[in-house]
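Peer 1: Let me give you the structure first, and then I'll get to my questions.
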Amino acid sequence: MNRLYTESLEIGYGDRTIVKDLSLSIPDGKITALVGANGSGKSTILKTMARILKSKSGNVYLDGKSIHRQSTKEVAKQLAILPQNPTAPDGLTVRELVGYGRFPHQKGFGTASKEDREMVEWAISVTGMSDFAERPVDQLSGGQRQRAWIAMALAQGTDILFLDEPTTFLDMAHQLEVLKLLELLNKEQNRTIVMVVHDLNHASRYAQHMVAIKQGTVISQGTPAEVMTQEVLREVFGIEADLVPDPRTGVPLCLPFELARESYALSGNQRQKRQQETETNREPVAAGL
């Protein structure tokens with residue numbers, strides 16, 4: 001059995017239920033990508049599995065124990081999470097930021113031990129941030145900043161790493177920079193990585209396991225070849241797409257060309273309404289001439 005899984009998980013805010021009866025298992029030693037349309041519940045599921053959010057019912061299990069019944073420090077020694085768009089205090093250097101990752105292992109007043117310092121330097125080195133260790137985080141490029149935060153998560157010394165949209169707001173080069181780093185951590189260190197991804201082709205290229213989610217429900221899960229089908233794309237994203245094999249890896253890549261019929265009908269109504277409004281707005285101008 002995999003180390004991390006959920007059973008009959010229900011998640012919501014107030015009276016609103018977002019995820020219901022979710023039973024999901026995360027493969028050990030693989031990169032898992034959670035994909036779905038905006039508002040589908042991907043980030044909510046990720047945060048609940050990382051114990052940032054509390055479930056209404058059901059459980060998240062880590063090594064056979066309910067994650068919500070373990071202490072924060074105990075959980076932080078086993079998994080790390082990088083949320084969306086994290087921010088650091090002005091002037092905080094990369095080395096200082098990465099040092100925060102050692103807090104779960106420290107006692108008393110949080111004095112850094114030799115092991116802490118070694119882990120910090122290792123995390124900075126493996127993420128390629130050695131040349132920027134003394135630079136303030138707020139002076140880094142987007143890709144460098146994201147690598148600094150990943151270094152902080154690595155400094156925790158956990159085998160499981162959660163990332164919520166790690167490539168958001170990054171240009172293509174910096175997106176690849178971050179994804180290549182995650183791929184390296186998975187292959188060379190056998191890290192279990194769970195990430196929310198918007199770009200389907202990034203998910204297919206860099207994840208060995210994909211979970212497609214719609215309105216808090218898992219529609220499909222498995223390898224990219226099993227999840228990236230026209231039927232799943234139509235149901236989950238409301239698009240029609242051609243699927244072509246990646247010339248380098250053979251995994252399916254998505255080339256969307258049209259909205260699915262229901263989505264297109266709605267879009268057509270919206271276009272018709274907009275056209276009518278435009279014509280109405282033009283009438284006074286024409287009369288004035």
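The values are calculated or read from the model by the stated rules, or taken from the named source; none is laboratory data. These numbers were taken from a predicted model, which means no experiment stands behind them. FYI the Cβ positions are ideal-geometry reconstructions off the backbone, even for glycines, and counts take in every protein chain you see. We work out accessible area using only protein heavy atoms, side chains counted, and drop any ligands, DNA or RNA first. Shrake-Rupley method; radii C 1.70, N 1.55, O 1.52, S 1.80 Å.
Peer 1: Ala112 - would you say it is assigned to a loop (DSSP other than H, G, I, E, B), without any contact (Cβ under 8 Å) to a residue 40 or more places away in the chain and open to solvent by less than 70 Å² (accessible area, probe 1.4 Å)?
Peer 2: Values: assigned to a loop (DSSP other than H, G, I, E, B): yes; without any contact (Cβ under 8 Å) to a residue 40 or more places away in the chain: yes; open to solvent by less than 70 Å² (accessible area, probe 1.4 Å): yes.
For Ala112, the condition - assigned to a loop (DSSP other than H, G, I, E, B), without any contact (Cβ under 8 Å) to a residue 40 or more places away in the chain and open to solvent by less than 70 Å² (accessible area, probe 1.4 Å) - is met.
Peer 1: Another question about this same structure. Can you confirm whether Ile150 is assigned to a helix (DSSP H, G or I), on the phi < 0 side of the Ramachandran plot, crowded, with 16+ Cβ neighbours inside 10 Å and in contact with a strand residue (DSSP E or B) (Cβ under 7 Å, 6 or more places away or on another chain)? Walk me through it before giving the result.
Peer 2: Working: assigned to a helix (DSSP H, G or I): yes; on the phi < 0 side of the Ramachandran plot: yes; crowded, with 16+ Cβ neighbours inside 10 Å: yes; in contact with a strand residue (DSSP E or B) (Cβ under 7 Å, 6 or more places away or on another chain): yes.
It is true that Ile150 is assigned to a helix (DSSP H, G or I), on the phi < 0 side of the Ramachandran plot, crowded, with 16+ Cβ neighbours inside 10 Å and in contact with a strand residue (DSSP E or B) (Cβ under 7 Å, 6 or more places away or on another chain).
Peer 1: While we're looking at this one, here's another question. Which numbered condition trips up Gly157, out of (1) at positive phi; (2) surrounded by 23 or more Cβ atoms within 10 Å (Cβ to Cβ)?
Peer 2: (2)
Peer 1: Please determine, by comparing only the residues of region 38-47 that are surrounded by 16 or more Cβ atoms within 10 Å (Cβ to Cβ) and out of contact with any Leu (no Cβ under 7 Å at 6 or more places or on another chain), which one is farthest from Gln78 (Cα to Cα).
Peer 2: The initial filter retains those residues of region 38-47 that are surrounded by 16 or more Cβ atoms within 10 Å (Cβ to Cβ), namely 40-47.
Narrowing further to those that are out of contact with any Leu (no Cβ under 7 Å at 6 or more places or on another chain): 40-41, 43.
Values: Ser40: 27, Gly41: 24, Ser43: 20 Å.
In this case the residue turns out to be Ser40.
Peer 1: Something else: Examine region 229-244 for a residue that is modelled with pLDDT under 95 and open to solvent by 60 Å² or more (accessible area, probe 1.4 Å), and state whether such a residue exists. So that I can check it myself, show each step before the final result.
Peer 2: Taking region 229-244 first, the residues modelled with pLDDT under 95 are none.
Among the residues of region 229-244, not one is modelled with pLDDT under 95 and open to solvent by 60 Å² or more (accessible area, probe 1.4 Å), which makes the answer no.
Peer 1: Which residues, taken from region 52-96, are of a type in the set (Val, Ile, Thr), in contact (Cβ under 8 Å) with a residue 24 or more places away in the chain and surrounded by 15 or more Cβ atoms within 10 Å (Cβ to Cβ)?
Peer 2: Hits for region 52-96 are Val60, Val75, Ile81, Thr93, Val94.
Peer 1: Within region 1-25, how many residues turn out to be open to solvent by 50 Å² or more (accessible area, probe 1.4 Å), closer than 12 Å to Gly58 by Cα and either in contact with a Pro (Cβ under 8 Å, 6 or more places away or on another chain) or not in a strand (DSSP E or B) (or both)?
Peer 2: So the answer is 1.
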